[in-house]
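Q: Sending over a structure as structure tokens; questions will come in a sec.
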Number of protein chains: 2
Amino acid sequence: MTQAEREPDDVLWLSAEQQRHWRAVILGTARLTEALSRQLERDAGLSLSEYEILVRLSEAADRTLRMSELAAAVVHSRSRLTHAVGRLEQRGLVARRPCPEDRRGVNCVMTDEGYAVLEAAAPGHVREVRAQLVDRLTDEEFRALGAAMAKVAPDAEPGA
Amino acid sequence: MTQAEREPDDVLWLSAEQQRHWRAVILGTARLTEALSRQLERDAGLSLSEYEILVRLSEAADRTLRMSELAAAVVHSRSRLTHAVGRLEQRGLVARRPCPEDRRGVNCVMTDEGYAVLEAAAPGHVREVRAQLVDRLTDEEFRALGAAMAKVAPDAEPGA
DNA sequence: GATCATTTGTTGAAGCATCAATTAAGTAGT
DNA sequence: ACTACTTAATTGATGCTTCAACAAATGATC
């Protein structure tokens, strides 16, 4: 604690107040993803990114998305998604089918088993999201958080 | 986009509005860490977690922290920190010394070279934090973001 | 319609994280 | 002092992510 007063910007930084906020963001997101990952892995055998892949597929028409759309939706590199989908495919939660319109493309389809796994995992995950985030904030605080982050990711809900 | 109307909670979920906010949080943090990681790796040859380790050390008395304190500060498992510090040590940015008070303990000390690397990396990193986050928000929005995340990580600034 | 550039998706190697198991030192109770 | 318990840190195997290189299809330009 001596160093907060001592030298907040011997390293070139933000204002002291901004720095406090920024630290809270880093720390909070780290804690949050840590808690969510643990819960999912423990109770459902899914990583957080696997869960998110399944969620996007569950919402897509025919539970199908092209690899590149899916990659963009979950903010993964194409390579990362290829590997992740490969693992999900081996577990039977997802299947790959060629894409009719574009012969380079690959459609990723969620299987019934994949949907069942997601359905089983969701309630516990939602409970954890509430416990770690939603229930710790007032409605107004949560709204403000969402609004701020929407400005950081300038396409949270644009759709097609 | 047909599915947003179709079934927002066939899988058990939050209110539609809460869900939008939550999605923004996920998407925003993913984009943000992605951008910050890329910038650091590209311009300074550091991962985001290496950078954070160096920052904490730079602020500590004698630029020294025990492994477990450092692990808690950056929200890493002890194992993860051991590996990460091992790599930083091989690059000469950090050194390990036995801890006098507790012979189980290990002190991690930042070297002058480590400090120099951090000093060189910091301005670009701060620029990126501003570009991706601070400059996209009003002061009030940023303050609200920090306040919300501080409630999620209930010890952002308690100190010793 | 032949060339060049771009986009899509995959691959394998290398690097990093996670997990369970281990060593060693401190703490508590008897 | 002896045993049992807890905490500190490390290790190595396994698994996930990243990166550069690639193949195949599409698009754009002349």
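The values are calculated or read from the model by the stated rules, or taken from the named source; none is laboratory data. Only a predicted model underlies this, so the values are computations on that prediction, with no experimental measurement involved. Heads up, the Cβs are rebuilt from the backbone with ideal geometry, glycines too, and the neighbour counts pull from every protein chain shown. Surface accessibility is based on the protein's heavy atoms, side chains included, excluding ligands, DNA and RNA. Shrake-Rupley method; radii C 1.70, N 1.55, O 1.52, S 1.80 Å.
Q: Summarise the partner chain shielding of A:49-61 as one whole number: the mean count of Cβ atoms from other chains within 10 Å of each residue's Cβ.
A: Going residue by residue through A:49-61 and averaging, the value is 2.
Q: Under the convention of a label 7 Å out along Cα→Cβ, give the distances in nm from A:Ala16 to the same position in every other copy, shortest first.
A: The projected label point of A:Ala16 is separated from its counterparts by 4.7 nm.
Q: Now a separate question. Set the Förster distance to 30 Å, then compute FRET efficiency between A:Cys99 and B:Ser37 from the Cβ-Cβ distance, nearest 0.05. Let's see the in-between values first.
A: Numbers: r = 31 Å, r/R0 = 1.02.
So, using R0 = 30 Å, E works out to roughly 0.45.
Q: If Lys and Arg each add +1 and Asp and Glu each add -1, what is the summed charge of the other residues whose beta carbon sits under 13 Å from the beta carbon of B:Ala72?
A: Local charge sum for B:Ala72: +1.
Q: Arrange the residues A:Trp22, A:Trp13 by how much accessible surface each exposes, largest first, with a 1.4 angstrom probe.
A: Details: A:Trp22 10, A:Trp13 40 Å².
Sorted descending by solvent-accessible area, the residues read A:Trp13, A:Trp22.
Q: On to the next question. What 222 nm value per residue comes from the helices of chain B, counting each DSSP H run with n ≥ 4 as -39,500 (n - 2.57) and dividing by all residues, nearest 500 deg cm²/dmol?
A: Computed mean residue ellipticity for chain B: -20500 deg cm²/dmol.
Q: Let me confirm one metric for peptide B:131-141, namely the mean number of other chain beta-carbon atoms within 10 Å of its residues' beta-carbons.
A: Neighbouring Cβ atoms belonging to other protein chains average 4 per residue here.
Q: Among the residues of chain A, which one places its Cβ closest to the rotation axis that maps chain A onto chain B, and what is that distance in whole Å?
A: A:Ala144, 2
Q: Shape verdict for the protein assembly as shown, please, from the Cα gyration tensor: rounded (a/c under 1.5), prolate (a/b greater than b/c) or oblate. List each step's numbers first, then the result.
A: Details: a/c = 1.93, a/b = 1.66, b/c = 1.16.
Prolate, since a/c reaches 1.5 and a/b exceeds b/c.
Q: Would you pull out the residues with amide H under 5 Å of A:Asn107's amide H, same chain only if 5 or more places away, H placed 1.01 Å from N?
A: Amide H neighbours of A:Asn107, under 5 Å, 5+ apart: A:Arg97, A:Cys99.
Q: 7 Å along Cα→Cβ for the label point: how many nanometres lie between A:Pro98 and each equivalent label in the other copies, listed shortest first?
A: For A:Pro98, the inter-copy label distances come out at 6.7 nm.
Q: Averaging sequence separations of C-alpha pairs under 8 Å and six or more residues apart, then dividing by the length of chain B, give the relative contact order as a whole percent.
A: Here the relative contact order equals 20 percent.
Q: What's the local net charge at A:Val94, with K and R +1, D and E -1, over the other residues with C-beta under 10 Å away?
A: Net charge in that neighbourhood comes out at +1.
Q: For peptide A:29-35, how many partner chain Cβ atoms fall within 10 Å of a residue's Cβ, on average?
A: Mean inter-chain Cβ contacts per residue within 10 Å come to 6.
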